[in-house]
1. What tally of residues in the stretch 137-188 results from selecting those that are within 18 Å of S123 (Cα to Cα), in contact with a Lys or Arg (Cβ under 6 Å, 6 or more places away or on another chain) and among the aliphatic types (A, V, I, L, M)?
2. So is R119 surrounded by fewer than 16 Cβ atoms within 10 Å (Cβ to Cβ) and basic (K, R) or not?
3. Does at least one position in the stretch 126-139 carry a residue that is in the same structural domain as V262 (by TED's automatic domain parsing), loosely packed, with under 13 Cβ neighbours inside 10 Å and farther than 17 Å from G108 by Cα?
4. Considering only the stretch 79-121, state which residues are charged (D, E, K, R), touching a Lys or Arg at 6+ places or on another chain (Cβ under 9 Å) and assigned to a strand (DSSP E or B).
5. Is it true that some residue in the stretch 137-159 is among the basic types (K, R), in contact with a Ser or Thr (Cβ under 6 Å, 6 or more places away or on another chain) and in a strand (DSSP E or B)?
6. Count, please, the residues in the stretch 189-203 that happen to be basic (K, R) and loosely packed, with under 14 Cβ neighbours inside 10 Å.
7. Output the number of the condition that D132 fails; it satisfies all remaining conditions of (1) in contact with a Pro (Cβ under 9 Å, 6 or more places away or on another chain); (2) more than 21 Å from A270 (Cβ to Cβ).
8. Show the residue pairs that are 6+ apart or on different chains and have beta-carbon atoms under 9 Å apart, the first residue being within the stretch 137-148 and under 22 Å from G94 (Cβ atoms), the second being of a type in the set (F, W, Y).
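The values are calculated or read from the model by the stated rules, or taken from the named source; none is laboratory data. Just so we're clear, the structure is a prediction, and the values are computed from it rather than from any experiment. Here Cβ is always computed from backbone atoms with ideal geometry, including for glycine, and neighbour counts include all displayed protein chains.
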Amino acid sequence: MRWLLLLSLGAAPLVAPTARADTAANVDTAANVDTAANVDTAANLDTAANLDTAANLDTAANADTASVDTTANVDTAANLDVALGALGHVSNEGEGALLDLRLRFPGGGQLGLDLGFGRARESWIAGFAADDARRTDLGLRFLAPLWEEGALRFSLGGRAGMRRLASAETNAEESGSWAVNLELAALGHARLHRAVTWRAGVLVPFSLEVAPEVVNDVTGALLTTGLALRLARGLQLTADLDAGGVFGADGDAGKFLARATVGLRFTPTADDWSRF
């Protein structure tokens, strides 16, 4: 019996180390699991960081693109020049004044709006002569450059508008009339000096009375010449002379028209205005 007890007591310690070894293995396994979890967490954090970085890069790229577009719009607006003009004219048919607003685009083309007031010594209302008539004009202008070589430029231009005429000295039943106007122009400009530009060309005016009757008002062809003198930065003095034959509503022989125009043009966004 003693030997059996001794054998039993001697065999018991052999079981305990095995349990400890298993526990250590479990601890190592748990540590490995934690380490793997940490690795996964770190990987997830890195992935999230990368996603955030990519998102930030995309946002920055979009911001840069928006900045470029805005800059392009600013440049386009900066290249649009504005001119304000005040002109007076006198002819063998009357005199008047004109206010002129023009926009010049980067390619050199121009669009304008003008409003004029004046007096016509001789005019026509429904085919009847009218003396000392008051005249009001409103029109849209354009000028399109076609060719340029050094200091020489060639352009086509035109004006379309409405004309109101009123007179108390007429045999017509109505004391006033309305007409639509159209004028085409072929113009050449030459830069003679840094401060001087010369203009020459042909004007073809046409006017059709639409009320109180529909009749031809004016048809003609005029030669034109003029100078633009740069007085200061953004300020020009212009002088034009137009002359030629025109036909009136009465169907009589053509009459000679001579007209002189002098004006000031203020160009706050441009040093000079080479086409006028």
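1. Residues meeting the conditions: 3.
2. yes
3. Yes, there is a match, as at least one residue in the stretch 126-139 is in the same structural domain as V262 (by TED's automatic domain parsing), loosely packed, with under 13 Cβ neighbours inside 10 Å and farther than 17 Å from G108 by Cα.
4. Answer for the stretch 79-121, where residues must be charged (D, E, K, R), touching a Lys or Arg at 6+ places or on another chain (Cβ under 9 Å) and assigned to a strand (DSSP E or B): D81, E95, D100, R102, R104, D114, R119.
5. No, that holds for no residue.
6. The number of residues fulfilling the criteria is 1.
7. Failed condition: (1).
8. As it stands, the answer is D137/F117, since those pairs meet every condition given.
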